[in-house]
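Worksheet for the structure shown next.
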Amino acid sequence: MTTVRTRAAVLRAADAPFRIEEVELDAPGPGQIVVRIAGVGMCHSDFLPRTPMAKPPIITGHEGAGVVVELGAGVTELAVGDHVVLSFDSCGACRNCLDAQPAYCESFWPRNMSGFRPGRATNVRDAQGDPVKGNWFGQSSFAEFSVVAARNAIKVDPALPLELLGPLSCGVLTGAGSVFTSLGVEAGASIAVFGTGTVGLSAIMAARVAGAAVIVAVDLNQERLRLAEKLGATHTFLASTENLAEAVKALVPGGLDYSLDTTGVPEVVSTAIDVLRLRGVCGCVGVQLKPLVVRPDQLAFGRTIKGILEGDSVPKLLIPRLIELWRQGRFPFDELVQTFPLDRIDEAERAMKSGAVVKPVLIPGEDTP
């Protein structure tokens, strides 16, 4: 097996645009595969290297989907030509992985958020032979090709629109898993979702599938709220609504069963707690931006605040289920997607950050005319 040459979007500095460069990947090792990327979703996590974390140069991208083109030694569960969705990395052997909680893998942080492979190794070099971090969430899929662990690839039906499936592996997975798995929303229940990006809108679609009777969407963007209503929200509120917590809580006698914060803003989390009934549960996706201050009365009546990563999901179980729901017309996640050629990655980033696009998907095989 030889090295793999590929074009990739390389972030050279925290405040710089991405640069499309030709880089070289190591050949797949034991248990690894080479995937030709058909499409890769863009997520806010892909811009964490613009903060002090995972300093550039780095290739990000962690919602990839593509076709297997080469197998490393020992790979038997996949074949060349298989269509796959690529998920986050986990060791598969620690206590949490064995307990079907791979998002809480004891080595999740270095495997997914550093850009390095275990042991702080890198498998990518640029045209000058200098190292580039290339293991973001185990894939670094803002590229034409990616070398990933076979255990993190979910085989899918080749008849599906492969270029659209990447977001199922993180943003969509997180929102849907938060409802189905983390919170366990049941038929007839009530839930408020704060923030209507990919995660929040996926949670709303999942709540409708689960049979929730009251599904509330809260956001600053009126267009997003209209989309939320189309996808299943029974009530919508602008986040600027006066006495928002009281208005939402008044929808159900005693308050709502569940709430889900997707913003990470402590003041929003506090509101998400306030809308709950006694013994209600508030799920918090990801990492809060600042310390969260909880008033004594917010937890005094049996309410629960629950941190959630990746929807507490097992990707190889949930992703096929979401695909089947999509096939049935019950989970139209594709309505969140707008595609961009890979060389328009900076435009896609601006569109996502401005709220103009919910989920940009980059198509590495396309170039701007």
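The values are calculated or read from the model by the stated rules, or taken from the named source; none is laboratory data. Just so you know, these numbers come straight off a predicted model, no measurement behind them. A quick note on method: Cβ atoms are made from the backbone with ideal geometry, for glycine too, and the neighbour counts reach across all protein chains shown. In case anyone asks, the SASA skips ligands and DNA or RNA and just uses the protein heavy atoms, side chains included. Shrake-Rupley method; radii C 1.70, N 1.55, O 1.52, S 1.80 Å.
Near E349, once Lys and Arg are set to +1 and Asp and Glu to -1 for all other residues with Cβ below 11 Å from its Cβ, the sum equals +1. Cα centroids of the stretch 279-322 and the stretch 19-70: how far apart, whole angstrom? Centre-to-centre (Cα) distance: 28 Å.
How tilted is helix 315-327 with respect to the longest principal axis of the chain? Cα atoms for both, answer in degrees (0 to 90, nearest 10). Tilt of helix 315-327: around 70 degrees. How would you classify the stretch 1-88 from its alpha-carbon gyration tensor, with a ≥ b ≥ c the square roots of the eigenvalues: rounded for a/c under 1.5, else prolate if a/b is greater than b/c, otherwise oblate? In terms of gyration-tensor shape, prolate.
If we count every other residue with Cβ under 13 angstrom of D89's Cβ, Lys/Arg +1 and Asp/Glu -1, where does the sum land? Provide the component values of the computation, followed by the final result.
Values: positive: R111, R117, R151; negative: E106, E310.
Combined, the nearby Lys, Arg, Asp and Glu give +1.
The order of W109, W136 by accessible area, most exposed first and with a 1.4 Å probe, is W109, W136.
So what is the relative contact order of the stretch 37-100, in percent, for Cα pairs below 8 Å that sit 6 or more residues apart? Could you put the intermediate results ahead of the total?
Details: 69 pairs, mean separation 18.4, N = 64.
Relative contact order for the stretch 37-100 comes out at 29 percent.
For the chain, what does -39500 (n - 2.57) per DSSP helix run (n ≥ 4), summed and divided by total residues, give at 222 nm, in deg cm²/dmol to the nearest 500? Before the final figure, lay out each step's value.
Values: 10 runs with 82 residues, N = 369.
About -6000 deg cm²/dmol.
Please label the shape of the stretch 140-263 as rounded, prolate or oblate, based on the square roots a ≥ b ≥ c of the eigenvalues of the alpha-carbon gyration tensor (a/c under 1.5 means rounded; beyond that, a/b larger than b/c means prolate, else oblate). Walk me through the numbers on the way to the answer.
On the way: a/c = 2.61, a/b = 1.99, b/c = 1.31.
In terms of gyration-tensor shape, prolate.
Under 8 Å for C-alpha pairs, at least 6 residues apart: give me the relative contact order for the chain, rounded to a whole percent.
On the way: 924 pairs, mean separation 60.7, N = 369.
Averaging sequence separation for qualifying contacts and normalising by length gives 16 percent for the chain.
Couplings 3J(HN,Hα) of the stretch 276-286, computed from phi: 7, 6, 4, 6, x, 10, 10, x, 10, 8, x Hz, in residue order, whole Hz [Karplus 6.51 cos²θ - 1.76 cosθ + 1.60, θ = phi - 60°; x for Gly and Pro].
Taking 25 °C and 0.890 mPa s as the conditions, I'd like the Stokes-Einstein D for the stretch 295-369 in µm²/s, using the Kirkwood hydrodynamic radius from alpha carbon pairs. It would help to have the intermediate numbers written out before the result.
Numbers: Rh = 15.9 Å.
In µm²/s, the coefficient is 154.
Helix 345-354 axis versus longest C-alpha principal axis of the chain: approximately 10°, rounded to the nearest ten.
Please arrange I191, I20 by accessible surface area, largest first, computed with a 1.4 Å probe and ligands excluded.
Values: I191 0, I20 60 Å².
So the residues, ranked largest to smallest area, are I20, I191.
Between the C-alpha center of the stretch 206-232 and that of the stretch 121-141 there is a gap of 39 Å. Each residue of the stretch 54-60 was assigned a 3J(HN,Hα) from its phi angle through the Karplus expression (A = 6.51, B = -1.76, C = 1.60, θ = phi - 60°), giving 6, 4, x, x, 8, 10, 9 Hz with x at Gly and Pro.
If you place +1 on the Cβ of every Lys and Arg and -1 on the Cβ of every Asp and Glu, how big does the dipole about the Cα centre of the chain come out, in debye to the nearest 20? Don't skip to the answer; put the middle values down first.
On the way: 34 positive and 40 negative charges, 135 e Å.
Here the chain has a charge dipole of around 640 debye.
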